Amino acid sequence: DIATGLTTGNNAKNIRKFWEVNLEKDCFKPFAKGGKKSWIMPEDKRVINWTKKGDEIRRTPSSVMRNEKYYEREGLTWTVIKRTGRRFGYLPKGHIFEVSGSMLFPKRDLSHWKLLALMNSNLYHNLFLSLTIERHLQIEEVARTPWIEELEELDTLEELSRKQYQLMLE
């Protein structure tokens, strides 16, 4: 499943850096807004005002809530515009995501880690380039990329992807 997220209608009012709020006291959730540093381990500096599950944002006239059933689920996010190839990153549970930080959720029994390895592979990088020579990877391009089910059988992909993520954490 591929989902695009919300539009706050007023980022200055609703989005903060995590160090600007008391995360234990205030009602803020981690916020995925996309950006050039989404590869493997997306930057996690922003938080969004999530008072009463986003009711504060809903009251903003130009806000739009999309795909709410996916909020706070783990998945992959990606960089829409990037000169180099690798652009997908793992986003853990608990995040709210924005329209510019769209998400990809695996179906069936495919793990997030295996999907991360495949989406950042040379094979899929070249498939994406064949769909968008401008290197603007919108949800439409991700959605229409052919899926090669035989690649799901490569068990080492999950292990390697987890190791790569752990190295980025360290």
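Things to note:
- When Rg and the Kirkwood radius Rh are both evaluated on Cα atoms of the range 91-153, their ratio Rg/Rh stands at 0.96.
- Qualifying trypsin sites (Lys or Arg not before Pro) in the range 103-132, where qualification requires a DSSP coil assignment and no more than 14 other C-beta atoms within 10 Å, comprise K107, R108.
- Working note: 222 nm ellipticity from helices only, DSSP H runs with n ≥ 4, each -39,500 (n - 2.57), summed and divided by the residues of the chain, gives -7000 deg cm²/dmol to the nearest 500.
- Taking amide H as placed 1.01 Å from N in the peptide plane, F28 has its amide H under 5 Å from the amide H of W50, each at least 5 places away in sequence or on another chain.
- For L6, the residues 5 or more places off, or on other chains, whose built amide H falls under 5 Å of its own are R66, F97, E98, V99.
- Taking a sphere under 13 Å around the Cβ of E72 and counting the other residues whose Cβ falls inside, with K and R at +1 and D and E at -1, yields a net charge of +3.
- Remark: relative contact order (the chain) = 27 percent; criterion is Cα-Cα distance under 8 angstrom and separation of 6 or more residues.
- Local electrostatic count at W147 - Lys and Arg +1, Asp and Glu -1, tallied over other residues with Cβ under 11 Å: 0
- Extension gain for the segment F105 to H136, taken as residue separation times 0.36 nm less the Cα-Cα distance, is 9.2 nm to one decimal.
- In percent, rounded to a whole number, the relative contact order of the range 46-97 is 31, using alpha-carbon pairs under 8 Å and six or more apart.
- Once the chain from E170 to K93 is taken as fully extended at 0.36 nm per residue, the excess over their C-alpha distance is 25.7 nm.
- The range 1-62 - Rg over Rh from alpha carbon coordinates, Kirkwood radius: 0.97
- Convex hull projection area averaged over all views, the range 66-170, Cα basis, nm²: 7.0
- As a length-normalised measure over Cα pairs under 8 Å and 6 or more apart, the relative contact order of the range 101-170 settles at 41 percent.
- Computed over the alpha carbons of the range 1-110, Rg followed by Dmax gives 13.7, 40 Å.
- Ordered from largest to smallest accessible area (heavy atoms of protein chains, 1.4 Å probe), the residues F28, F97 come out as F28, F97.
- Per-residue 3J(HN,Hα) values for the range 93-106, derived from phi via the Karplus relation 6.51 cos²θ - 1.76 cosθ + 1.60 with θ = phi - 60°, read 4, x, 8, 9, 10, 9, 4, 8, x, 4, 10, 10, 10, x Hz in sequence order (x marks Gly and Pro).
- Here's how it looks for S121: its modeled amide H is under 5 Å from none belonging to a residue 5 or more places away or on a different chain.
- Largest GNM mean-square fluctuation among E72, E150, E134, using the chain with Cα springs under 10 Å: E150.
The values are calculated or read from the model by the stated rules, or taken from the named source; none is laboratory data. Just so we're clear, the structure is a prediction, and the values are computed from it rather than from any experiment. Here Cβ is always computed from backbone atoms with ideal geometry, including for glycine, and neighbour counts include all displayed protein chains. In case anyone asks, the SASA skips ligands and DNA or RNA and just uses the protein heavy atoms, side chains included. Shrake-Rupley method; radii C 1.70, N 1.55, O 1.52, S 1.80 Å.
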